[in-house]
């Protein structure tokens, strides 16, 4: 009996469309990715099993190892509004702050963290991040004042609340795992003094070193 010869079929597939889709997806993720802010000081947060992710429009109060406080509002538009409220509060007391020009105000919105008293804003807004980091490493940035005699942290919190108006705002405390508990407690007390009784605690996912 003669054998039946099965004709061979070409298995070649045109991958052009798949490559196009792959490049489109890659481009999308690159353009929409948000990189970790270049913080002035590394905060090593304690680990936890919490699974809630950090929101983009979050106001973070970071506390470093020695208890210095750094204030972070992620939205540039919100930063501009917050600054205007701080100028209303301190512009008369600190005349250079009250005389900030449009360029300086725009530079303020690009700051990753507020790590100095309100009086120093005019001198700090023109500095680059690496210059601020160098100052921090030499101990020249002591954070936002938070003690009872000069509670600027409370003023930043109130300025933020006014700037957000009726929009929902979420505050978070990001403390280094070796931070002095007294400094963390002081931040919590200041939040409560300003009627902020609900806030988040930023931690690292257990088992994750980042």
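The values are calculated or read from the model by the stated rules, or taken from the named source; none is laboratory data. The model shown is predicted, which means the values in this text are computed figures rather than measured ones. Heads up, the Cβs are rebuilt from the backbone with ideal geometry, glycines too, and the neighbour counts pull from every protein chain shown.
Here are a few things to note about the model shown:
- A single entry from 93, 103, 85, 79 fulfils the requirement of being in contact with a helix residue (DSSP H, G or I) (Cβ under 6 Å, 6 or more places away or on another chain) and either part of a helix (DSSP H, G or I) or at pLDDT 90 or above (or both): 85.
- Whenever a residue of region 60-83 is free of Cβ contacts under 8 Å to residues at least 40 places away in the same chain and on the phi < 0 side of the Ramachandran plot, its partners that are crowded, with 17+ Cβ neighbours inside 10 Å and not in a helix (DSSP H, G or I), lying with C-beta atoms within less than 7 angstrom and at least six residues away or across chains, give the pairs 74/58; 76/109; 79/73; 79/109; 80/109.
- In region 178-195, the residues that are farther than 21 Å from residue 149 by Cβ and surrounded by 18 or more Cβ atoms within 10 Å (Cβ to Cβ): 179
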